[in-house]
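The values are calculated or read from the model by the stated rules, or taken from the named source; none is laboratory data. Just so you know, these numbers come straight off a predicted model, no measurement behind them. Cβ placement follows ideal geometry from the backbone for every residue including glycine, while neighbour counts extend to all protein chains displayed.
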Ligand code: FAD
């Protein structure tokens, strides 16, 4: 079922969902099940699975020189989606990214997903790989999330890259995109970022999932701003339970977000990560309860393979 249908069928009740990350190449899919099993009691109607591009790794050549190789460290998104469907009968939402993939590779992945009966995709541009510093589009690939959206929307209308096909079957993906309550870091200002978001919605995006935020006011202001601009699709808040002391500085630098002073001070005063995790859980409960009271459609947790914090928050909130 489509994410938008799940939201509609909930009749205003807030749903629980989460995002997982595929295991590193060589690890077992059981690690995903161990993570998800305890969270199934909260009945997530859908689970997002992130997508990862190739990265460079350096290997030592027998000559002693360093050799630059590319590898996908976290493949398996499509397989994990099929496994989630099979084991839990929950709708998986694979992420699809522009960076690192040609349009043809993307089309083939979408055909696999369609054949597996997967109804949803979250479409993203992807980030720069570490060695490149800024995002460089793949040759023959999509530049921005909106270009990828045009590709998927085209496929939903039966437009494949090969225009010589006889009577091609259209897909029927429900399309989600990302939004940034604290602005995407590359956008010169929030207005322009929201203009691009609006373009994604006008091009066929049916819902938005936000970047993590720790101050609910930022989310409420973002939603108000979107509504004023005529962006009327559901806006799903993304929440990350903080689990370590170091995340108080790491998360702002990686994700270009702010931590409220009260939260960062509390984390700084923690004597160890056990305490920091407890603070993260308390903060997550407080945030979730307020968002739920204000009627958000879904509380979507960035669980990153760690279930205990999400479990404790969900126990207190759902
Ligand atoms: P876009 O919408 O393409 O925007 C990128 C930037 O370009 C923005 O600054 C925007 O304002 C600007 N822009 C947009 N359209 C145009 C245009 N037409 N012309 C000029 N400028 C434009 N990354 C992964 O690699 N894998 C994942 O699975 C993944 N999942 C994510 C899930 C969520 C909910 C979120 C919030 C992020 C996720 N990311 C993931 C990270 C994401 O790929 C990065 O944040 C990326 O930098 C931007 O992606 P986007 O889809 O928002 O890009």
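The figures follow:
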{"read-out": "Strands (runs of 3 or more DSSP E) contained in region 17-131 and holding at least 3 residues within 11 Å of the ligand (Cβ to nearest atom), under 25 Å from residue 313 (Cβ atoms) and under 17 Å from the mean Cα position of the chain (by Cα)", "value": "91-97"}
{"read-out": "Tally of residues being farther than 14 Å from residue 24 by Cβ and at pLDDT 95 or above across region 43-60", "value": "8"}
{"read-out": "Within region 222-243, tally of residues that are in contact with a strand residue (DSSP E or B) (Cβ under 7 Å, 6 or more places away or on another chain) and more than 29 Å from residue 263 (Cα to Cα)", "value": "1"}
{"read-out": "Qualifying positions in region 289-318 - at pLDDT below 95, under 16 Å from the mean Cα position of the chain (by Cα) and at negative phi", "value": "303, 306"}
{"read-out": "Residues (closer than 19 Å to residue 297 by Cβ and in contact with a helix residue (DSSP H, G or I) (Cβ under 8 Å, 6 or more places away or on another chain)) located in region 205-216", "value": "205, 206, 207, 208, 210, 211, 212, 213, 216"}
{"read-out": "Unmet criterion (only one of (1) out of contact with any helix residue (DSSP H, G or I) (no Cβ under 7 Å at 6 or more places or on another chain); (2) within 21 Å of residue 155 (Cα to Cα)) for residue 94", "value": "(1)"}
{"read-out": "Residue 252 crowded, with 19+ Cβ neighbours inside 10 Å, closer than 18 Å to residue 218 by Cβ and within 21 Å of the chain's Cα centre (by Cα)", "value": "no"}
{"read-out": "Hey, residue 211 within 11 Å of the ligand (Cβ to nearest atom), within 15 Å of the chain's Cα centre (by Cα) and either under 22 Å from residue 95 (Cα atoms) or touching a residue at least 40 places away in the same chain (Cβ under 8 Å) (or both) or not", "value": "yes"}
{"read-out": "Selected residue (only one of 272, 193, 258 is touching a helix residue (DSSP H, G or I) at 6+ places or on another chain (Cβ under 8 Å) and closer than 27 Å to residue 20 by Cβ)", "value": "258"}
{"read-out": "Condition broken by residue 63, with the remaining ones in (1) at pLDDT below 90; (2) surrounded by 15 or more Cβ atoms within 10 Å (Cβ to Cβ); (3) over 28 Å from residue 111 (Cβ atoms) satisfied", "value": "(2)"}
{"read-out": "Those residues of region 180-192 which are within 7 Å of the ligand (Cβ to nearest atom) and crowded, with 20+ Cβ neighbours inside 10 Å, in sequence order", "value": "180"}
{"read-out": "Filter pass, residue 159 being free of Cβ contacts under 8 Å to residues at least 24 places away in the same chain and at negative phi", "value": "yes"}
{"read-out": "Given (1) under 30 Å from residue 35 (Cβ atoms); (2) within 15 Å of the ligand (Cβ to nearest atom); (3) modelled with pLDDT of 95 or more, index of the condition residue 172 fails", "value": "(2)"}
